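Some notes on the structure that comes next.
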Amino acid sequence: RQQTWRSSVSTQAKMPPCDFVPEKYESYPYERMQKIREQNIAPSLKTYYKKPLLLHQGHMQWLFDHEGRRYLDLFAGIVTVSVGHCHPKVTMATQKQLARLWHTTNIYMYPPIHEYAEKLTSLFPDPLKVVYLTNSGSEANDLAMFMARLHTRNFDIISLRGGYHGGSPYTLGLTSLTPYKHGVANGFGCTATMLPDVFRGPWGGSHCRDSPVQTVRKCSCTEGACLAKDQYIEQFKDTLNTSVPKTVAGFIAEPIQGVNGAVQYPRNFLKEAYQLIRERGGLCISDEVQTGFGRTGSHFWGFQTHGVVPDIVTLAKGIGNGFPMAAVVTTKEIANSLAQNLHFNTFGGNPLACVVGAAVLDAIEEDGLQKNSEDVGTYMLLELAKLRDKFEIVGDVRGKGLMIGVEMVTDKNSRRPLPGEEIDQIWEDCKDMGVLIGRGGLYSQTFRIKPPMCITKRDVDFAVEVFCTALQRHVERAA
């Protein structure tokens, strides 16, 4: 039966050419790799796909497996490869620094940390001009929580349901996705409030979000007034009035939720939420781990798309194009709160990391990747919206720039998540045709498309055609 439906659906999708030739794979055979994975690597580190990919090499938006097959990478190492796999400028800068100085403690002065701190903070509005460099997003958010509590002398921090802010015991209190929760105490003093999701939430319509593609839900808003935003703000106020003390340490939110499937809020929601938090003595934290560095297209930082200036900003993932580094950017006054006692990070801001970070910033500017994110991302959103209109199971297409979510449903009316086994098959089909896509959402019902920011419209045409073919195959299977 499987052979029948496969042969009855033809695809015209032709992978765009690539003149890069990968090296010959010379490591262990696939079967030995699988055995090592089973015996020596922690089982909590899951693999994607029924037959996991054994990847060998990367070049810009492309990945190559051990047999030399090429894939268009639309997930970028979980939104981490910002400028492209093995980008030549970043690779060259890294190699040069490797031969000069890998590491020394940051209690000494060395050029890369000072050059990078100046370069990075120049991209932020006043008064966000002080940076503390760390190694991962969880670590950055952990430190942001600590700073907020030290500075305000309050304890409670509010986050949004569906948010992902890390997997450390401290940040798990902010993360509000069941698959990441473990049956042990975590996150004391953290309160999750209602997610203002205009597609899946109780309120929302066709004019609510800052995206080229709106929901198909009807909107009863009038000019200049968003009723959904007003309702969600009332829920936010209800949390403030019932679940936390009269003064709070802070509020953290992603400008667009990442792991939850590129969920966007109504316009002006964050602006009003920030005001309410500040009235209670709290700090506003923007988690830019996935939305930063030009990925949203119209702005360099996600918070700028909401017309707000946070008190603390956390950065990771795309900051190093895959190199393990992260940062917390804040004001001089808030940073001073951490300086009353010792707080030390051995590897944060090491010479190699700072050179990588600086080269990434240069590549974004020189390659025009923020503009590319806006142009190619908008094009892709509009092309995917055509598939939403064509297929009943495509419930929502959303996002901004190259931060895109495609939510799968049984039908548009009920918005019930498409069963996992059906999504799995669509996902596997895309992989078999050469396109790698991420997964997310509360029920793993949303395809996450967040590629290296160097992809082209020609790549988009190929990816959309592959996705369309996979959807057609699903329809035929169901019939």
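The values are calculated or read from the model by the stated rules, or taken from the named source; none is laboratory data. Source: prediction; values computed, not measured. With ideal geometry, Cβ positions are generated from the backbone for all residues, glycine too; neighbour counts draw on all protein chains shown. For accessibility, only protein heavy atoms count, side chains too; no ligands or nucleic acids. Shrake-Rupley method; radii C 1.70, N 1.55, O 1.52, S 1.80 Å.
Kindly indicate whether Leu342 is in contact (Cβ under 8 Å) with a residue 60 or more places away in the chain, open to solvent by 10 Å² or more (accessible area, probe 1.4 Å) and closer than 29 Å to Asn154 by Cα. No; evaluated as a whole, the condition is false for this residue. For segment 26-55, the set of residues classified as in a loop (DSSP other than H, G, I, E, B), over 25 Å from the mean Cα position of the chain (by Cα) and of a type in the set (S, T, N, Q) consists of Ser27 only.
Looking at the structure I just gave you, is Phe300 in the same structural domain as His151 (by the TED database), open to solvent by 10 Å² or more (accessible area, probe 1.4 Å) and of a type in the set (Phe, Trp, Tyr)? Show your work before the answer.
Working: in the same structural domain as His151 (by the TED database): yes; open to solvent by 10 Å² or more (accessible area, probe 1.4 Å): yes; of a type in the set (Phe, Trp, Tyr): yes.
Yes; evaluated as a whole, the condition is true for this residue.
Within segment 24-41, not a single residue is open to solvent by less than 60 Å² (accessible area, probe 1.4 Å) and at pLDDT below 95. Picking from residues in segment 124-149 that are polar (S, T, N, Q) and part of a helix (DSSP H, G or I), the one that is most open to solvent (accessible area, probe 1.4 Å) is Ser138.
Could you check segment 96-123 and list, in sequence order, the residues that are closer than 27 Å to Asn372 by Cα, among the polar types (S, T, N, Q) and not in a loop (DSSP other than H, G, I, E, B)? Break it down into steps so the answer makes sense when it comes.
Restricting attention to segment 96-123, the residues satisfying the condition of being closer than 27 Å to Asn372 by Cα are 115-123.
From the residues that got through so far, the ones that are among the polar types (S, T, N, Q) too are 121-122.
Correct list: Thr121 only.
Flag not set for Phe155, criterion: out of contact with any Cys (no Cβ under 9 Å at 6 or more places or on another chain) and not assigned by the TED database to the domain that holds Gly281.
Please indicate, with yes or no, whether at least one residue in segment 105-115 is open to solvent by less than 10 Å² (accessible area, probe 1.4 Å) and either modelled with pLDDT under 95 or not charged (D, E, K, R) (or both). For segment 105-115, residues open to solvent by less than 10 Å² (accessible area, probe 1.4 Å) and either modelled with pLDDT under 95 or not charged (D, E, K, R) (or both): absent.
Do the conditions hold for Gly322, that is, is it free of Cβ contacts under 8 Å to residues at least 12 places away in the same chain and either within 21 Å of the chain's Cα centre (by Cα) or crowded, with 20+ Cβ neighbours inside 10 Å (or both)?
Working: free of Cβ contacts under 8 Å to residues at least 12 places away in the same chain: no; either within 21 Å of the chain's Cα centre (by Cα) or crowded, with 20+ Cβ neighbours inside 10 Å (or both): yes.
Criteria not met by Gly322.
Kindly indicate whether Phe447 is in contact (Cβ under 8 Å) with a residue 40 or more places away in the chain, open to solvent by less than 40 Å² (accessible area, probe 1.4 Å) and farther than 17 Å from Asp396 by Cα. Taking the combined requirement at face value, the residue does not satisfy it. Can you find even one residue in segment 264-280 that is within 20 Å of Thr215 (Cβ to Cβ), part of a helix (DSSP H, G or I) and free of Cβ contacts under 8 Å to residues at least 40 places away in the same chain? Checked against the condition, which is being within 20 Å of Thr215 (Cβ to Cβ), part of a helix (DSSP H, G or I) and free of Cβ contacts under 8 Å to residues at least 40 places away in the same chain, segment 264-280 yields at least one hit.
In the set Phe344, Phe391, Phe323, which member is outside the structural domain of Ala470 (by the TED database), more than 30 Å from Ala249 (Cβ to Cβ) and either in contact with a Cys (Cβ under 6 Å, 6 or more places away or on another chain) or of a type in the set (Phe, Trp, Tyr) (or both)? Steps first, please.
Working: Phe344 fails: more than 30 Å from Ala249 (Cβ to Cβ); Phe391 fails: outside the structural domain of Ala470 (by the TED database).
Sole residue among the options that is outside the structural domain of Ala470 (by the TED database), more than 30 Å from Ala249 (Cβ to Cβ) and either in contact with a Cys (Cβ under 6 Å, 6 or more places away or on another chain) or of a type in the set (Phe, Trp, Tyr) (or both): Phe323.
Considering only segment 387-443, state which residues are in contact (Cβ under 8 Å) with a residue 60 or more places away in the chain, more than 26 Å from Arg458 (Cβ to Cβ) and over 22 Å from the mean Cα position of the chain (by Cα). Hits for segment 387-443 are Ile393, Lys412, Arg415. Would you say Thr178 is among the polar types (S, T, N, Q), within 23 Å of the chain's Cα centre (by Cα) and surrounded by fewer than 20 Cβ atoms within 10 Å (Cβ to Cβ)? When the stated conditions are applied, Thr178 passes them.
Here the condition is being hydrophobic (A, V, I, L, M, F, W, C), without any contact (Cβ under 8 Å) to a residue 40 or more places away in the chain and either open to solvent by 50 Å² or more (accessible area, probe 1.4 Å) or within 27 Å of Ile423 (Cα to Cα) (or both); of Leu54, Leu63, Leu72, it holds for Leu54 alone.
For the structure I just gave you, tell me whether Pro212 is under 30 Å from Glu392 (Cβ atoms), in contact (Cβ under 8 Å) with a residue 40 or more places away in the chain and in contact with a Ser or Thr (Cβ under 7 Å, 6 or more places away or on another chain). The answer is yes for Pro212. For segment 211-227, what are the residues that are under 22 Å from Gly307 (Cα atoms) and open to solvent by 50 Å² or more (accessible area, probe 1.4 Å)? Matches in segment 211-227: Pro212, Thr222, Glu223, Gly224, Leu227.
Screening segment 150-165 for residues that are crowded, with 19+ Cβ neighbours inside 10 Å and touching a Phe, Trp or Tyr at 6+ places or on another chain (Cβ under 9 Å) and picking the one that is farthest from Lys246 (Cα to Cα) gives Tyr164.
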